[in-house]
Amino acid sequence: MIGDRKLVFSGVQPSGNLTIGNYIGAIKNFKEFSDEYKCFYCVVDLHAITVRQVPADLRRRTYETLALYIACGLDPQKNTLFVQSQVPAHAELGWILDCYTMFGELSRMTQFKDKSAKNAQNINAGLFTYPSLMAADILLYQTDLVPVGIDQKQHLELTRDVANRFNQIYGDTFTIPEGYIAKDTMKIMSLADPTSKMSKSDENQNAVVYILDSKDDIMRKFRRAVTDSGSAVKYEEGKDGINNLMTIYHAFTGKSMSDIEREFEGRGYGDFKSAVGEVCADGLAPVRCEFDRIIKDKAYLESVMKAGAEEAASYARRTMSKVRRKIGFVN
Ligand code: AQP
């Protein structure tokens, strides 16, 4: 809490080109908080290295993710936009919280299970302890609200458990954050396998629609999206592919599922897939246009990063001094 304003924190990993899953499930909603709350939006590059990254790509994507935040309407004057590795307190508190997070808790995280299955050659300790670093990101700022996609709910619950544990041992230290999972929050699924989440690190480019894809690419990907063998555009159990496309259509138009069903009655999947492509490409066009303008100005992006990191560090310092004192570190 800053005065009477609640504090909001959220982050996105620069681990790949951002997808419409990141957009619909997270970034698109971030703007809503700016007027009412004090908002910290972070590019979480420390998290990204739990999976091996090419250094030049990681650097480029860090700039791009920041530029996308701004292109999606996050004004750096109103929001603290920064890069996680530029505020070392994240790593420091991450280590401390590792010591207050149980092996069993981390073992139950579905993201760890999914990611270790995908990266069998590199199941590193960071991948396992990722949730305690995420807890540190959030608790460092005494965050009240964390807007995240529904897929991050389990991590947020762990954050609350760790914060409560720490507070029980040492007395009130951390604000217990609430997850803000919007009523209308959607989980966007892969276009190639609609039973699994759309992820930026998916190797199958046709499974994923990127925020910066061209209209042609977007149209092509939706035309090839996997659906069942039926033809009625109807939201129902077992029709994962169509349900996912309807969710995306809803996200870009605001139309309800029953309105979408009426609109496409008797029109078949082909027509519907093209319509989803159209609304998605048109909805993203202004973001792409802004992005193209901002990404060219590296000096501007660096000034945003610097100001953001300085402000974030000043908040982080207050929490760290409290944590260090309570634990018994000599200041
Ligand atoms: N498919 C999705 N549907 C809805 N929300 C999603 N988010 C991600 N994918 C979807 C939301 O985006 C925010 C940022 O996510 P992240 O970059 O921190 O990590 P992630 O959830 O692991 O995203 P990816 O795209 O799946 O990245 P990789 O492939 O690197 O693991 C979060 O708020 C998340 O809810």
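The values are calculated or read from the model by the stated rules, or taken from the named source; none is laboratory data. Keep in mind it's a predicted model, so treat the numbers as computed, not measured. Cβ: placed from backbone, ideal geometry, glycine included. Neighbour counts: every protein chain shown. SASA here: full protein model, heavy atoms, side chains in, ligands and nucleic acids out. Shrake-Rupley method; radii C 1.70, N 1.55, O 1.52, S 1.80 Å.
Have a look at the DSSP beta bridges in the chain and tell me what percent are antiparallel, nearest 5.
On the way: 3 of 18 bridges.
Taking every DSSP beta bridge with both residues in the chain, the antiparallel ones total about 15 percent.
Which of LEU140, GLY328, ALA225 sits closest to the plus end of the dipole of the chain, meaning its Cα is farthest towards the positive end, when Lys and Arg get +1 and Asp and Glu get -1 on the C-beta?
Towards the positive end, the residue furthest out is GLY328.
Just check region 126-278 against the gyration tensor rule for me: Cα atoms, a ≥ b ≥ c as the square roots of the eigenvalues, rounded for a/c under 1.5, and otherwise prolate or oblate depending on whether a/b exceeds b/c.
Details: a/c = 3.01, a/b = 2.28, b/c = 1.32.
Taking the square roots of the gyration eigenvalues as a ≥ b ≥ c, region 126-278 is prolate.
In whole Å, what are the Cα extents of region 67-207 along the three principal axes, biggest one first?
The Cα atoms of region 67-207 stretch 50, 40, 32 Å along the principal axes, largest first.
Using only the alpha-carbon atoms of region 205-292 as identical scatterers, what base-10 log of I(q)/I(0) does the Debye formula give at q = 0.11 Å⁻¹?
Debye output, listed in q order: -0.29.
Among ILE211, GLN53, LEU284, flag the residue with its Cα farthest along the positive direction of the charge dipole of the chain, charges on Cβ as +1 for Lys/Arg and -1 for Asp/Glu.
GLN53
Give the aspartates and glutamates reachable from LYS6 as a straight Cα distance under 15 Å; neighbours fewer than 8 places away on the same chain don't count.
The reachable aspartates and glutamates, counting only those whose Cα sits under 15 Å from LYS6, are GLU32, ASP35, GLU36, ASP144, GLU178.
What would the Debye equation give as log₁₀ I(q)/I(0) for region 17-97 at q = 0.13, 0.14, 0.21, 0.27 Å⁻¹, counting only Cα atoms as equal point scatterers?
-0.45, -0.52, -1.08, -1.34
At 0.36 nm per residue, and after removing the present C-alpha to C-alpha distance, how many nm does the segment from ARG318 to ALA56 gain when stretched out fully? Don't jump to the answer; show the numbers that get you there.
Numbers: separation 262, 0.36 × 262 = 94.32 nm, distance 3.36 nm.
Taking 0.36 nm per residue and subtracting the Cα distance, the gain is 91.0 nm.
What residue among VAL8, ILE27, LEU106 has its Cα farthest toward the positive end of the dipole of the chain, where the charges are +1 on Lys, Arg and -1 on Asp, Glu, each on the Cβ?
Of VAL8, ILE27, LEU106, it is LEU106.
Quick check on the chain: helices-only [θ] at 222 nm, where DSSP H runs of length 4 and up contribute -39,500 (n - 2.57) each and the sum goes over total residues. Nearest 500, please. Walk me through the numbers on the way to the answer.
Numbers: 13 runs with 172 residues, N = 331.
The per-residue figure over the chain is -16500 deg cm²/dmol.
Work out the FRET efficiency for ARG293 and GLN168 from their Cβ-Cβ distance, taking R0 = 51 Å, and round it to the nearest 0.05. Show your work: numbers first, answer last.
Working: r = 50 Å, r/R0 = 0.97.
E(calc), rounded to 0.05, equals 0.55.
Please report how far the C-alpha centroid of region 91-147 lies from that of region 239-257, rounded to the nearest whole angstrom.
Measuring centre to centre over Cα atoms gives 31 Å.
Please list, in order along region 320-328, the HN-Hα scalar couplings obtained from phi with the Karplus expression 6.51 cos²θ - 1.76 cosθ + 1.60 (θ = phi - 60°), rounded to whole Hz, x for Gly and Pro.
For region 320-328, the Karplus curve yields 5, 5, 5, 4, 4, 5, 5, 5, x Hz.
Based on the mean of other beta carbon atoms within 10 Å per residue, what is the order of 115-121, 139-145, most packed first? Don't skip to the answer; put the middle values down first.
Numbers: 115-121: 11.9, 139-145: 22.9.
Result, highest mean Cβ count within 10 Å first: 139-145, 115-121.
For helix 268-294, what angle does its Cα long axis make with the longest principal axis of the chain, in degrees from 0 to 90 and rounded to 10?
40 degrees
Ignoring ligands, DNA and RNA, how do GLU310, GLU261 rank by accessible area with a 1.4 Å probe, largest first? Mind dumping the intermediate values first?
Details: GLU310 105, GLU261 45 Å².
So, going from the largest accessible area down, we get GLU310, GLU261.
Looking at region 74-229, how many pairs of lysines come closer than 21 Å at the Cα, when each pair is eight or more places apart or spans two chains?
Qualifying lysine pairs in region 74-229: 23.
With +1 on each Lys and Arg Cβ and -1 on each Asp and Glu Cβ, and nothing else charged, work out how big the dipole of region 2-135 is about its Cα centre, in Debye to the nearest 20. Don't jump to the answer; show the numbers that get you there.
Numbers: 14 positive and 12 negative charges, 63 e Å.
Around 300 debye, computed over region 2-135.
Over all directions, the average projected area of the alpha-carbon convex hull for the chain comes to how many nm²? The partial results should precede the final answer.
Values: hull surface 70.5 nm².
Convex hull of Cα atoms, orientation-averaged projection: 17.6 nm².
What distance in nm lies between label points placed 7 Å from Cα along the C-beta direction at LYS326 and ASN206?
Reported label-point gap for LYS326 and ASN206 is 5.2 nm.
Per residue, how much accessible surface does the chain expose to a 1.4 Å probe? Answer in Å², no decimals. Don't jump to the answer; show the numbers that get you there.
Values: 15310 Å² over 331 residues.
Per-residue value: 46 Å².
What size of dipole, in debye to the nearest 20, comes out for the chain about its Cα centre when the only charges are +1 on Lys and Arg C-beta atoms and -1 on Asp and Glu C-beta atoms?
On the way: 43 positive and 43 negative charges, 154 e Å.
It comes to approximately 740 debye.
Roughly how tilted is helix 153-170, in degrees to the nearest 10 and between 0 and 90, from the longest Cα axis of the chain?
Helix 153-170 sits roughly 10 degrees off the main axis of the chain.
Before anything else, pin down the relative contact order of the chain: Cα pairs under 8 Å, at least 6 apart, normalised by residue count, whole percent. Show your work: numbers first, answer last.
Values: 498 pairs, mean separation 71.6, N = 331.
Relative contact order for the chain comes out at 22 percent.
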